[in-house]
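A quick write-up on the structure given underneath.
The values are calculated or read from the model by the stated rules, or taken from the named source; none is laboratory data. The structure presented is a predicted model; accordingly, all values stated were derived computationally and were not measured. We place every Cβ from the backbone using ideal geometry, glycine too, and count neighbours over all the protein chains shown.
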Amino acid sequence: MQIKSVSDKAFKKYGYVVEGYDWQSLIQTLEKVSGKPKDSVIYVPGDAALEALPVACEIKDRLYGGLPVEIGYCNGHNRSLNCLEYHRGSEINVAADDVILLLAPLDKVENHKLDTSEVEAFLLPAGKAALLFETALHYAPCTADSGTGFRVAIILPKGTNLDKPAIKEGNPEDKLLRAANKWLLAHPDSGEAKSGAWIGLTGKNIHL
């Protein structure tokens, strides 16, 4: 699979590289407060130490226009697509290590299904931050060629990925709701599918 850069023109439909913020303070704190599992991925929606940094207030006021945000992380080792998700509102990934993002356009989803041939891969270098539009399907980052795993700070509208609200399904999209502000398409080979997530990915489960 061809791996492009987030500076490539092809990335523009998914988001853009965010500059003008003190990402190093965020990365340095992330490295202090979080681990990097060798054979799995951990995700924490919000971390108090990250959210207490001065840059967190700038992110809230400048990047999200004053809306409350959560700053957590996704760390570990991963080589597989497994799922794709989307949110209402943009997500920002701040990379402490080189990482590969597997992305697809939301407008390619038909009847809540997507063929994995639509997925593209992009390298987000260490020290850089990428904003993903809410129309960019994404999931856990993948380990870059270095094989050393990754730490990525994840910034989202506050409350995202917390407990799923109790809803009465009123349309087909409701079946995709997996957590607060998290709609998920799972590949049948994934653990998420085995635990009841909507099977919405067809074709090969991508492995890098």
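Suppose we filter the range 35-60 for residues that are modelled with pLDDT of 95 or more, among the acidic types (Asp, Glu) and in contact with a His (Cβ under 9 Å, 6 or more places away or on another chain); how many remain?
Count: 0.
Can you tell me how many residues in the range 55-69 are touching a helix residue (DSSP H, G or I) at 6+ places or on another chain (Cβ under 6 Å) and in a helix (DSSP H, G or I)?
Of the residues in that region, 1 qualify.
Would you please name the residue that is farthest from ALA96 (Cα to Cα), looking only at residues in the range 19-53 that are touching a residue at least 40 places away in the same chain (Cβ under 8 Å) and among the aliphatic types (A, V, I, L, M)?
Ranking the candidates gives VAL41 first.
Looking at (1) assigned to a loop (DSSP other than H, G, I, E, B); (2) within 20 Å of PHE150 (Cα to Cα), which is the one condition that is false for GLY72?
With respect to (1) assigned to a loop (DSSP other than H, G, I, E, B); (2) within 20 Å of PHE150 (Cα to Cα), GLY72 is out only on (1).
Check every one of the strands (runs of 3 or more DSSP E) wholly within the range 149-190 and list those with 1 or more residues that are of a type in the set (Lys, Arg) and under 22 Å from THR116 (Cβ atoms).
Fully inside the range 149-190 and qualifying: 177-179, 182-186.
Kindly list, by first and then second residue, each pair from a residue in the range 174-190 that is within 15 Å of HIS138 (Cα to Cα) and modelled with pLDDT under 95 to a residue that is buried (at least 20 other Cβ atoms within 10 Å of the Cβ) and of a type outside the set (Lys, Arg), limited to pairs with Cβ atoms under 8 Å and residues at least 6 apart or on different chains.
none
Taking only pairs six or more apart or across chains, which ones have beta-carbon atoms under 6 Å, a first residue in the range 1-18 that is surrounded by 15 or more Cβ atoms within 10 Å (Cβ to Cβ), and a second residue that is assigned to a loop (DSSP other than H, G, I, E, B) and at pLDDT 95 or above?
GLY15/PHE133
Please pick out the residue among ASN82, ASN78 that is surrounded by 20 or more Cβ atoms within 10 Å (Cβ to Cβ) and on the phi > 0 side of the Ramachandran plot.
None of the other options fit; the residue is ASN82.
When the residues of the range 139-148 are filtered to those that are in a loop (DSSP other than H, G, I, E, B) and of a type outside the set (Asp, Glu), which remaining residue is nearest to PRO37 (Cα to Cα)?
Looking at the filtered set, the residue picked out is THR148.
Mind checking which residues of the range 19-28 are surrounded by 13 or more Cβ atoms within 10 Å (Cβ to Cβ) and in contact with a strand residue (DSSP E or B) (Cβ under 9 Å, 6 or more places away or on another chain)?
Matches in the range 19-28: TYR21, TRP23, LEU26, ILE27.
Quick one: which of LEU103, LEU63 is out of contact with any Pro (no Cβ under 8 Å at 6 or more places or on another chain), modelled with pLDDT of 95 or more and crowded, with 20+ Cβ neighbours inside 10 Å?
Only one candidate passes the filter, namely LEU103.
Restricting to the range 106-130, name every residue that is buried (at least 18 other Cβ atoms within 10 Å of the Cβ) and assigned to a strand (DSSP E or B).
Selection gives LEU114, GLU120, PHE122, LEU123, LEU124, ALA129, ALA130.
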